[in-house]
Amino acid sequence: MAENTVKKIATRESYGNSLKELAEEFPNLVVLDADLAAATKTGIFRKAYPDRHIDCGIAESNMMGVAAGLSLVGKIPFVSSFAMFAAGRAFEQVRNSIGYPHLNVKIGATHAGITVGEDGATHQCNEDIALMRTIPGMVVMCPSDDVEARAAVRAALEYEGPVYIRFGRAAVPVINDHPGYHFEIGKGTVVREGKDVTIVATGICVDSALGAAKMLEEEGISAEVVNICTIKPLDEEIIINSAKKTGKVVTVEEHSVIGGLGSAVCDCLCANHPVPVKKVGMQDVFGESGSAAALVEKYGLDAKGVYKSVKEFL
Amino acid sequence: MKNLELQKRANDVRKGIVTAVHGAKAGHPGGSLSAADIFTFLYFEEMNIDPKNPDMEERDRFVLSKGHTAPGLYSALAYRGYFPVEDLPTLRHLGSYLQGHPCIHIPGVDMSSGSLGQGISAAVGMALGAKMENRDFRVYTLLGDGEIEEGQVWEAAMFAGFRKLDNLCVMVDNNNLQIDGPIDQVCSPYPIDKKFEAFNFHVINADAHDFDAIRAAFKEARETKGMPTCIVFHSLKGKGVSFMENSVDWHGKAPNDEEYAVAMADLDKIEKELEKAGEQ
C-alpha cells in the first residue's frame, strides 16, 4: 500500500466510537467528561446516549471522585479528560479515591504527548504514564492505532479494576488491521522480527519504529519491533526474549524518558537480562507549540528520528 | 430510640474513641468526639443499614470525608455490631484491619477516605448513581469545617446542587478548630451556611449535641426535595472529655495512660448521670 493511501485515524476518535459501540453490550457503562466532550470525542457517545453521559464541568478532581462513587453503586464509569488533567491535576484523586480502594473505574485520557501540537507545553502531557504506573493495581495502556484503541477500550470494560488508557489527538496510521490480530491486557506483540537490535515502542511510536526498521533494513540491519500497548502490567517475557536474541534494546515513546516505557523496560531488563538500552522520548524537556508532525520530527520521534537514534546506538 | 438511649450509646462511642486512640498511641480524638453524637444518630437511628449484611445493596451510604476522625466512625460501627468493640485498641497497629484512615475493606465502611475534600465527591457519585437508576437509598457524608477549605469540596457542592441531588445529605462538623488554630484565624471558610446556600443547597444549622435538634435536622433533610441538604452542625471539639474540650492541642494527639484514666473517668461520670436520669 502506498504511503498516501494508508488509513489514518486519531485514537481519541476510536475511543469515542468504541464507547458508543459498546454501550448496549455494557449497560452499566457511563461516561464522564469535564467540558471537553468535543475534543475527547465522548461527544459521540453523548449524542447516542445522552442520559449516560455526565458532564462534570471543568472540575477534574471532583469528576474522579464522582466516578469512584458511581462505581460503588454498580456503574462502570469511563472518565475522560486530557491526559494533563486526568493524570496530572487529578493524580491524587486517582490514587486515593480510585487506586487505593481498587475501584472499577476506567480513565480515558486523550491529548497525551506532544502531538497535542499547537496548544503547546501546558497541554502536552509527557508524564502521565510515569504517574499512573506508580499507582498499585493500576493497568496502564497506550494503544498504537485505531484497532488497538478499540480493543483496549473493550478489554478495559471486561476487566474488573482501575484502568488508565492514553489516547492521542493526531490522526495516526492504522497498522494492526490484519486477520489474526489479537489483543490481551498485559501482552505485547512482535510486529516485526529481527536479530540485530530490538525496538520496543508504544502508542503512535510503534509506527515510527516500523518505519525506522525498514530504513535500517536497507542498510542490512535487522531490527525487531515489539509493540507494548500495556505498559503495566508489562509483558516481561516478550522483552526478555527479544533482548536475549538481539542483545541491544531501544525504547521509543511519546513521553518523558523518565518513568515511562523506557524506564519500565529498563526495570525489567536490569533485573532479568541486562543489555545496553537507549531510551528515545522526551529527554527531560517540556514540549512547545507547533504542528504535531513538526514536533514529532523535532523531538526525534518520527521514523527518521528513531532510525538515527538506533544508528547512533549500534 | 429515645434521647436518653442515644445519649448512652454516644457515651459508649466516646469511650471507644478514647480507648482506640489510646491504644493506637496516635490519632484524632478531638474531631471524633465532636462528631460522636452525629455518628451515633446516623448508625443507631437515621440510616437504613444492617450490620449483619454490611453490603446490603439498597442500604444507605455514609462517607466519612473528614477521614482522620476514623476513631469516631469505627467506634460507632463497633458498638452497632459491625465488628468487636475489643478490636478498637488495635487501631493503627501493624496488621490490624483498623487502618489510620477509613479503608473500604473494613466492615461497614462504604468508601476509603482521609485525603480531605475527596469523600464528598464519592458521596455525590453514589447519590447520582442512585438517581440514575431510581433507587431509593440516601447518601450521607460528613466533612470537617477545616476540610471545606479544600477547593474540591466546592466542585462537588456545585455539581450536587446543579444536579439537584436531594438524596444527598452533606454534614459539616463545625467545631471551629483545625490543626493550626481556630478556623477563622487560619483561612476562614465562614459563612459556611451561606456558601452552601449559594451552591444551591438547602441549609440547616443545628446543635451537634442535642438529639432533638439532630433528629429534626435529618427529618428536614429527608423531606427536602429538589435540592441537596447541608446540615451545619455546631459542635464542641473534644466533647465529653474535660481537658480535650475546645482545645486545638487534642486535634491529633493520643492521651497517655494518666490522661486516658482522666478521660475515662469523665465519661464514666457522664454514664452514671445518664443512668440516674433513666431511673427517675
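Within the set B:180, B:207, B:145, B:110, the sole residue that is crowded, with 23+ Cβ neighbours inside 10 Å, charged (D, E, K, R) and in contact with a helix residue (DSSP H, G or I) (Cβ under 6 Å, 6 or more places away or on another chain) turns out to be B:145. Applying the selection to region A:80-97, what residues are farther than 20 Å from residue A:167 by Cα and touching a helix residue (DSSP H, G or I) at 6+ places or on another chain (Cβ under 6 Å)? A:93, A:97 - these are the residues of region A:80-97 that are farther than 20 Å from residue A:167 by Cα and touching a helix residue (DSSP H, G or I) at 6+ places or on another chain (Cβ under 6 Å).
Total residues in region A:293-314 satisfying the condition of being assigned to a helix (DSSP H, G or I), touching a Ser or Thr at 6+ places or on another chain (Cβ under 6 Å) and not small (Gly, Ala, Ser): the figure is 1.
Of all residues in region B:168-194, those satisfying the criterion of being touching a residue at least 24 places away in the same chain (Cβ under 8 Å) and part of a helix (DSSP H, G or I) are B:183, B:186, B:192, B:193. All conditions but one from (1) in contact with a His (Cβ under 7 Å, 6 or more places away or on another chain); (2) among the aliphatic types (A, V, I, L, M); (3) under 30 Å from residue B:60 (Cα atoms) apply to residue A:90; the one that does not is (1). Among the residues of region B:65-81, the ones that are surrounded by 24 or more Cβ atoms within 10 Å (Cβ to Cβ) and outside any helix (DSSP H, G or I) come to 2 in all. The selection criterion, being surrounded by fewer than 17 Cβ atoms within 10 Å (Cβ to Cβ), at pLDDT 95 or above and either assigned by TED's automatic domain parsing to the domain that holds residue A:256 or closer than 23 Å to residue A:279 by Cα (or both), holds for residue A:134.
For region A:60-97, filtering for residues that are among the hydrophobic types (A, V, I, L, M, F, W, C) and either surrounded by fewer than 24 Cβ atoms within 10 Å (Cβ to Cβ) or more than 11 Å from chain B (Cβ to nearest Cβ) (or both) leaves 11. Selection over region B:214-246 of residues that are buried (at least 18 other Cβ atoms within 10 Å of the Cβ) and in a helix (DSSP H, G or I) gives a count of 5. Looking at residue A:125, is it more than 13 Å from chain B (Cβ to nearest Cβ), closer than 30 Å to residue A:177 by Cβ, in contact with a helix residue (DSSP H, G or I) (Cβ under 7 Å, 6 or more places away or on another chain) and without any contact (Cβ under 8 Å) to a residue 60 or more places away in the chain? Against the criterion (more than 13 Å from chain B (Cβ to nearest Cβ), closer than 30 Å to residue A:177 by Cβ, in contact with a helix residue (DSSP H, G or I) (Cβ under 7 Å, 6 or more places away or on another chain) and without any contact (Cβ under 8 Å) to a residue 60 or more places away in the chain), residue A:125 qualifies.
Among the residues of region A:271-281, not a single one is touching an Asp or Glu at 6+ places or on another chain (Cβ under 8 Å), farther than 22 Å from residue A:131 by Cα and in a loop (DSSP other than H, G, I, E, B). Considering only residues that are surrounded by fewer than 18 Cβ atoms within 10 Å (Cβ to Cβ) and either at pLDDT below 95 or more than 21 Å from residue A:314 (Cβ to Cβ) (or both), which ones fall in region A:208-242? Matches in region A:208-242: A:233, A:237.
Filtering region B:88-108 to residues that are among the small types (Gly, Ala, Ser) and without any contact (Cβ under 8 Å) to a residue 24 or more places away in the chain leaves B:95, B:96.
Exactly one residue out of A:239, A:231, A:199 is in contact with a Cys (Cβ under 7 Å, 6 or more places away or on another chain) and in a strand (DSSP E or B), and it is A:231. For residue A:272, the requirement of being surrounded by fewer than 17 Cβ atoms within 10 Å (Cβ to Cβ), among the polar types (S, T, N, Q) and touching a helix residue (DSSP H, G or I) at 6+ places or on another chain (Cβ under 9 Å) is met. Mind checking which residues of region B:98-108 are under 16 Å from residue A:103 (Cβ atoms), more than 8 Å from every other protein chain (Cβ to nearest Cβ) and of a type in the set (A, V, I, L, M)? If the condition is that a residue be under 16 Å from residue A:103 (Cβ atoms), more than 8 Å from every other protein chain (Cβ to nearest Cβ) and of a type in the set (A, V, I, L, M), then B:106 is the only one that fits. Sub-9 Å Cβ pairs linking a first residue in region B:1-19 that is surrounded by 24 or more Cβ atoms within 10 Å (Cβ to Cβ) to a second residue that is basic (Lys, Arg), at least 6 apart or interchain, are B:14/B:239, ordered by first then second residue. Residue count for region A:148-189 satisfying the condition of being surrounded by fewer than 17 Cβ atoms within 10 Å (Cβ to Cβ), touching a residue at least 40 places away in the same chain (Cβ under 8 Å) and either among the hydroxyl-bearing types (Ser, Thr, Tyr) or under 21 Å from residue A:22 (Cα atoms) (or both): 4. Within region B:109-140, the set of residues being more than 10 Å from chain A (Cβ to nearest Cβ) and in contact (Cβ under 8 Å) with a residue 60 or more places away in the chain comprises B:136, B:138, B:140. The residue of region A:23-59 that is farthest from the other protein chains (Cβ to nearest Cβ), among those that are farther than 22 Å from residue A:168 by Cα and charged (D, E, K, R), is A:25.
The values are calculated or read from the model by the stated rules, or taken from the named source; none is laboratory data. Being a predicted model, the structure only gives us computed values, none of them experimental. Neighbour counts are summed over all protein chains in view; Cβ atoms, including those assigned to glycine, are modelled from backbone coordinates with ideal geometry.
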